[in-house]
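Here the structure comes first, spelled out in structure tokens, and everything after it is commentary.
The values are calculated or read from the model by the stated rules, or taken from the named source; none is laboratory data. Every value quoted in this text rests on a predicted model; they were computed, and no experiment measured them. In this analysis, Cβ positions are derived from the backbone assuming ideal geometry, glycine residues included, and neighbour counts consider all displayed protein chains. Just so you know, the surface numbers come from the protein's heavy atoms only, side chains and all, with ligands and any DNA or RNA stripped out. Shrake-Rupley method; radii C 1.70, N 1.55, O 1.52, S 1.80 Å.
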Amino acid sequence: DEDFEQFPLANINDLDITKESPYYGCAVKNIIPILQTLLTDRSMDVRDSACNALVNIAGALKRKHIPLVILTVVLKLAHDAQDENRTTAINLMSILAPLFGPHLCRHYVAITLAAFSDDNTFRVRKAAAQSFGQVAKTVGTDFTMKKLLEPYLQLTRDLVWGVRRSCLESIVDMVQIVPDDIKKETFIPLYHTMIKDTSRWVRNTAFEMLGKFIYGLGANVVSDDFLSAFTNIPKLPHNAVDNNANFHCAFNFPCVVLTVGKNKWNLLKECYIMLSQDLKFSVRRTLAASIHEIAKILGPDL
């Protein structure tokens, strides 16, 4: 990161690669401009393939060249007038955030991502909502609290249900970054709102993600009241949530038990028994696959 602090962003043609191998220089000077064109192709499949290629090339570059060679490409897309290109940039920001590192993400990526919470196009806001978690993990707690938390919370209140639903895809990473008081005061009430959302699709995803969210909260934050939102999933009527929620409840059961501990087994037991008697074999099967993990957590007496 220290190498990046005095490394200004500029044009790729300004990069001095005379001391590098001919093959390396060819990739940087010739292949990257071609990828820049393919990243804006009309075909989504072409754009996706170009993204994969850029990520692979980024992993092969020398670290000192990443700002000019990769980050400038992403930022150029982020400021493009076309919705599809801004969406591509956001996806790349999320994937490449660990490679960019904290310094570049704080100075360029995170600030750009936060601005997308006000984008006029819901598809762009939706992509941004999905990407906050990975970027937040890279920039750390302090920066997330100062610059990313409020734009993320703004997206959770978006009028388009697809944007609100996409926020759930990054909520586990977000909740693991913030301090315990924010988990209690902000994220738990937020999740209560999500599982009561007017959109069935948002509610479904919220219940499906609930086990992972509890794991992200940690043991000291999960109240009995909030835990009941998870244990009541098998009791929910079909008009409240799809029955596929039971599968996710069963699949994530071990991480919930691990989080709240064996002392809360009396609150979990009824839910576990109901899932073991579920009519869908996939629900019973995933419980069977993890029963040894549950046993290790509960100990020999239970």
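Once the Cα-Cα distance is subtracted from the 0.36 nm per residue extended length, the Asp48 to Asp224 segment shows a gain of 59.0 nm. Backbone geometry of the stretch 164-171 corresponds, through the Karplus equation with coefficients 6.51, -1.76 and 1.60 at θ = phi - 60°, to 3J(HN,Hα) couplings of 4, 5, 5, 4, 5, 6, 10, 5 Hz, x marking Gly and Pro.
Return one number: the angle in degrees, 0 to 90 and rounded to the nearest 10, between the long axis of the Cα atoms of helix 122-139 and the longest principal axis of the Cα atoms of the chain. Between helix and principal axis, roughly 90 degrees. When the charge dipole of the stretch 110-186 is built from unit charges on Cβ atoms (+1 for Lys and Arg, -1 for Asp and Glu) and taken about the Cα centre, the candidate among Thr156, Gly140, Asn120 whose Cα reaches farthest toward its positive end is Asn120. Using only Cα atoms, tell me the angle between helix 44-60 and the longest principal axis of the chain; keep it within 0 to 90° and round to the nearest 10. So the inclination is approximately 80 degrees.
Just the number, please: carbon plus sulfur as a percent of the accessible area of the chain, 1.4 Å probe, no ligands or DNA/RNA counted. Here carbon and sulfur together make up 53 percent of the probe-accessible area.
Rounded to the nearest 500, the 222 nm mean residue ellipticity of the chain from helices alone is -18500 deg cm²/dmol, with -39,500 (n - 2.57) taken per DSSP H run of at least 4 residues. For Val135, the shell of other residues with beta-carbons less than 11 Å away shows a net charge of +2, using +1 for Lys and Arg and -1 for Asp and Glu.
3J(HN,Hα) couplings calculated from phi for the stretch 200-206 with the Karplus curve 6.51 cos²θ - 1.76 cosθ + 1.60 (θ = phi - 60°) are, in sequence order, 4, 5, 5, 4, 4, 5, 4 Hz; Gly and Pro show x. Each of Ser282 and Arg157 was given a label point 7 Å from its Cα along the Cα-to-Cβ line. The distance between the two points is 3.6 nm. For the stretch 103-117, 3J(HN,Hα) computed residue by residue from phi via the Karplus equation (6.51, -1.76, 1.60; θ = phi - 60°) reads 5, 5, 5, 5, 7, 10, 5, 4, 5, 5, 4, 4, 5, 6, 5 Hz, glycine and proline entered as x. The separation of the stretch 181-253 from the stretch 66-111, counted between C-alpha centres, amounts to 32 Å.
Between Asp301 and Ala60, the modelled labels are 5.9 nm apart [label points 7 Å from Cα along Cα→Cβ].
Taking all protein chains together and rolling a 1.4 Å probe, His248 ends up with roughly 50 Å² accessible. Over the chain, the fraction of Cα-Cα pairs per 20 Å bin, rounded to whole percents and listed from the shortest bin up, is 30, 48, 21, 1. Using a simple spin-label model with pseudo-atoms 7 Å out from Cα toward Cβ, Leu267 and Lys146 lie 3.6 nm apart. What angle, in degrees between 0 and 90 and rounded to the nearest 10, separates the Cα long axis of helix 265-276 from the longest principal axis of the Cα atoms of the chain? Value to nearest ten degrees: 80. Springs between Cα atoms under 10 Å define the GNM used for the chain, and in it the highest mean-square fluctuation of Ala58, Ala289, Ala136 occurs at Ala289.
List the trypsin sites (Lys or Arg not before Pro) in the stretch 151-190 that DSSP assigns to loop (not H, G, I, E or B) and whose Cβ has at most 15 other Cβ atoms within 10 Å. Which are they? Kindly include the intermediate steps, with their values, before the conclusion.
Values: sites: Arg157, Arg164, Arg165, Lys183, Lys184; in loops: Arg157.
Those satisfying the criteria are Arg157.
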